[in-house]
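What follows is one structure encoded as structure tokens, with my remarks underneath.
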Amino acid sequence: MYTKKVMDHFSNPRNMGEIENASGIGTVGNAKCGDIMRMYLDIDENDVIQDVKFKTFGCGAAVATSSVATELVKGKTVQEAIKVTNKAVVEALDGLPPVKVHCSLLAEEAIHAALWDYAEKKGIKIEGLKKPKSDIHDHHDHEVEEIY
Ligand code: FES
């Protein structure tokens, strides 16, 4: 049911933990399954993500999507990072079972929330970044969302 990559990221998650004095922290949850994901970003003066860590209290797929999402945004600029969608996260894992696609939305939203927090702290506006939701359960504008 799960791909090798999902199992690998689940059993051996990358970048798990937290960053002290992070440039941005984003926490999102899904009230329906009760899972919570938190992303920490360390962003330098050129808007490049130098480090990223996550903490996920959730299902195995949520752990795997958090882990792969940290790899996808590390080293990217803020502008590049906002383009990392849940679809990209699913592709990087070679797919997720349909009932688990919502777990990848948590990863996308947690990154957006952390970027939003960074922008607020710095007093800047990130082009193309919308205010993230703290609960993805009422998220209706995603292509792969029809799993509910
Ligand atoms: Fe909720 Fe996976 S079941 S995030």
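Laboratory data are not the source of any read-out in this text; all were calculated from the coordinates shown. Everything quoted here is computed from the prediction, not taken from an experiment. Positions of Cβ are backbone-derived with ideal geometry, glycine not excepted, and every protein chain shown enters the neighbour counts.
Brief remarks on what is shown
- Matching residues in the stretch 45-67 - criterion: being out of contact with any Ser or Thr (no Cβ under 7 Å at 6 or more places or on another chain), within 10 Å of the ligand (Cβ to nearest atom) and under 16 Å from residue 2 (Cβ atoms): 58, 59, 60, 61, 64
- All positions within the stretch 66-91 that are in contact (Cβ under 8 Å) with a residue 24 or more places away in the chain and of a type in the set (A, V, I, L, M): 68, 69, 73, 78, 81, 82, 84, 89, 90
- Condition check for residue 120: within 12 Å of the chain's Cα centre (by Cα) and charged (D, E, K, R): no
- Filter result for the condition that a residue is in contact (Cβ under 8 Å) with a residue 40 or more places away in the chain, more than 15 Å from residue 110 (Cβ to Cβ) and either among the acidic types (Asp, Glu) or in contact with a Pro (Cβ under 8 Å, 6 or more places away or on another chain) (or both), over 51, 35, 47, 94: 94
- Pairs with Cβ under 8 Å, 6+ apart, first in the stretch 1-27 and at positive phi, second among the hydrophobic types (A, V, I, L, M, F, W, C): 15/52; 15/54; 17/54
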